[in-house]
Amino acid sequence: MKFRIQIILATLFAVALTQRLVAVQPGRYDWAEEIRTLSRPDQLPRYRTGCIVEEISSYDPTGGNDDGFSGRYSYIRKENGKLVLADLKGPGVINRIHTPTPTCDTISFYFDGETTPRISLPFEDLFSGKVFPFVEPVCGNEIGGFFCYLPIPYEKSCKIVFSGEKILFHQIQYRNLPGYDVKSFDTNNIPADVLDEVRHTWKTPAIPANARVAGSRTTLEPGKEIILYRSTRPGRILGFEIDGGTSFEGLNKDVILSVRWDNDKTEAIYAPLQDFFGYAYGKPAMSSVLVGSKDGVNYCYIPCPYDQKAEIKLIYKQRKGVKQEPLRISSKIYHSDKKRDIAAEGKFYATWNREINPPKGRYYPFADLKGKGHYVGNVHQAQGLVPGMTLFFEGDDSIRVDGVMRIHGTGSEDFYNGGWYAVMDRWDRDMSLPVHGALDYSLPMARTGGYRLCLSDKMSFENDFYFGIEHGPEKNEYPVDYTSVAYYYCDRAPSQHREPTEELRTVYLPDKHTFYPQLMDFNLARGLKVSLDDYVRTEVTEQSGKIRINLSEIPEGRYRIYLTYLEKSTGADFRLWQRQNPITEWKSSRGSGAVREKCPLGEMYLTPQTASLTIEIRKNGGAGTFDFECLCLEKEGNQADITR
């Protein structure tokens, strides 16, 4: 009897294994189909079983912050005086190359042991659009970063060699394709029309074609909920749009988007609406190809297959002691009756998280998932809790797939295909691109944010997936307020979700603000010449002159004023004004070279109409220069300091 049971169990196991292998049978790799994943969101739910995603980057393996600055960790070995950046074993495909520091030195790709490279071009032309097929929109640059999403397949191997003496930051993400019949990259076999498809799709968010539309107009009352869509038959959501005008904007994120599939015990999506659609600090900020806001409409065109039933609703959380107005909501749900292929497709989920001052020494978690699926992107708001430079955005991303660290990045903005925060025309403002972008950037508010969608570069997992990011350059010590939504597909719902409490639904407003020379917004009056380096260096060309600093980013209130300036032998006199009202008397900056750090200079009340500070400078005998560094404002009655 025992023997017969063993035979039966073995037979059942063999049948189950055979069914699984048939469902994921590797086949011929198709380059055109690979690149079409960038323009075919309908392919997003499909599993990629057995395809291991990894990354080679210039990160500092010691745990320090030398993620490319010295170039020490930016190559794996030297050959004939050149730097080998990667030596990949096939079959596989490179899905993404990123750097904030391309050069004119040659980068070469050697395939399958060949001694002549099939790709050889200046590193910067991998992103310039000058060399086919490395053209827009799959290759390009913005917000300080250069990116290449052109798939580069290889059959047996791919070695990447850099001819320069030094290379700085880079990330090379690739996917192993065991068992697949892969033909190595060949420019003669690249159909140009597939690049045109991507270009067309990425121009504007695409409303799903051939879909049924379920529309509604209703009013959402505080403390109530409304159902936007409900189905009790198999199918899929192809996209949805929710229009509330400007009513979703503001510092209170009290409207919750709640979505549930089938008989899942927990919601597939349970997140403040603002955060799911990529708002930043109360305002719309993301307009990606799949999810975001445009012209007042919040949209999501990420396909969501389900097995039996679906429900989409909005919940309006009540806030204590605050009058909340009813919201007029209109929506469109695009859907079809196409059933989910259970063996080949996952269901869509989104995990929301916010941590105010997370524990030191621990990564901030975007996602900690169990099951089989793939990660397709995230949105991330990053707020510093101490005034100053946005050093918290030095933190590296780290991804474990099925218990093994597969990806380790080189800095937060690098994960979002950007680079060089606080540098003019780099990562210095909000910028929304088709699959990545910067949500915001403000030095005085000590905040930023980013998003990235993973299409061809989606990250598959068989059992578990963890994605965390550092807060601070090293050891996760910088006090921050991080908010995120992670988008992914999986064969099961999350075991729980985080409840957006009233505190977690409220946008944090700092009460200390630092204005640095870089990115300082100022105007000059006649009589003053200005240059910038570590200081704002001014020289009076007539008897006196003025420099006005714009403070419009700062919330209304009464502030104490502090200035860091340099005393020197040629130091002029200066005084502060708010519009036509003097704040201080004349003060001399003449001295022996001392730095007057954070010198208190009075106070002012800021309103949207009076949000500026003017420094008037006059000659003091033959002395006519005034050099200042940081302007600091501290709100009266500020909160308790959060120290590092």
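The values are calculated or read from the model by the stated rules, or taken from the named source; none is laboratory data. Model, not experiment: these values are computed from the prediction. Neighbour counts are summed over all protein chains in view; Cβ atoms, including those assigned to glycine, are modelled from backbone coordinates with ideal geometry.
Some notes on this structure:
- Qualifying position, being in contact with a helix residue (DSSP H, G or I) (Cβ under 9 Å, 6 or more places away or on another chain) and surrounded by fewer than 21 Cβ atoms within 10 Å (Cβ to Cβ), among W420, W427: W420
- Selection over region 33-53 of residues that are of a type in the set (A, V, I, L, M) and either at pLDDT below 90 or touching a strand residue (DSSP E or B) at 6+ places or on another chain (Cβ under 9 Å) (or both) gives a count of 3.
- Counting only strands (runs of 3 or more DSSP E) that fall entirely inside region 285-353 and contain at least 3 residues that are modelled with pLDDT under 95 and within 26 Å of the chain's Cα centre (by Cα), no element qualifies.
- Filter result for I56 (at pLDDT 85 or above, surrounded by 19 or more Cβ atoms within 10 Å (Cβ to Cβ) and in a helix (DSSP H, G or I)): no
- Region 500-546, subset of a type in the set (A, V, I, L, M) and part of a loop (DSSP other than H, G, I, E, B), residue nearest to V259 (Cα to Cα): L504
- Sole exception among (1) touching a Pro at 6+ places or on another chain (Cβ under 6 Å); (2) assigned to a strand (DSSP E or B) for E553, by number: (2)
- Scope region 109-131; condition buried (at least 17 other Cβ atoms within 10 Å of the Cβ) and hydroxyl-bearing (S, T, Y); matching residues: Y110, S128
- Residues that are modelled with pLDDT of 95 or more, within 19 Å of R46 (Cα to Cα) and out of contact with any strand residue (DSSP E or B) (no Cβ under 8 Å at 6 or more places or on another chain) are absent from region 361-374.
- Subset of region 147-178 that is under 21 Å from the mean Cα position of the chain (by Cα) and hydroxyl-bearing (S, T, Y) - its residue that is farthest from T116 (Cα to Cα): Y149
- For region 528-559, the set of residues classified as surrounded by fewer than 17 Cβ atoms within 10 Å (Cβ to Cβ) and among the small types (G, A, S) consists of S531, S552, G557, listed by residue number.
- In a residue-by-residue description of region 71-82, the property of being among the β-branched types (V, I, T), over 17 Å from F134 (Cα atoms), over 26 Å from the mean Cα position of the chain (by Cα) and surrounded by fewer than 16 Cβ atoms within 10 Å (Cβ to Cβ) applies to at least one position.
- Scanning region 476-499 for residues that are surrounded by 22 or more Cβ atoms within 10 Å (Cβ to Cβ) and either of a type in the set (D, E, K, R) or assigned to a loop (DSSP other than H, G, I, E, B) (or both) yields Y478, D481, P494.
- Checked against (1) acidic (D, E); (2) buried (at least 20 other Cβ atoms within 10 Å of the Cβ); (3) touching a Leu at 6+ places or on another chain (Cβ under 9 Å), D457 passes all but condition (3).
- Checked against the criterion of being of a type in the set (V, I, T) and within 23 Å of the chain's Cα centre (by Cα), the candidates I94, I119 yield just one match: I94.
- Every condition in (1) over 27 Å from the mean Cα position of the chain (by Cα); (2) among the β-branched types (V, I, T); (3) closer than 15 Å to L83 by Cα holds for V131 except the one numbered (3).
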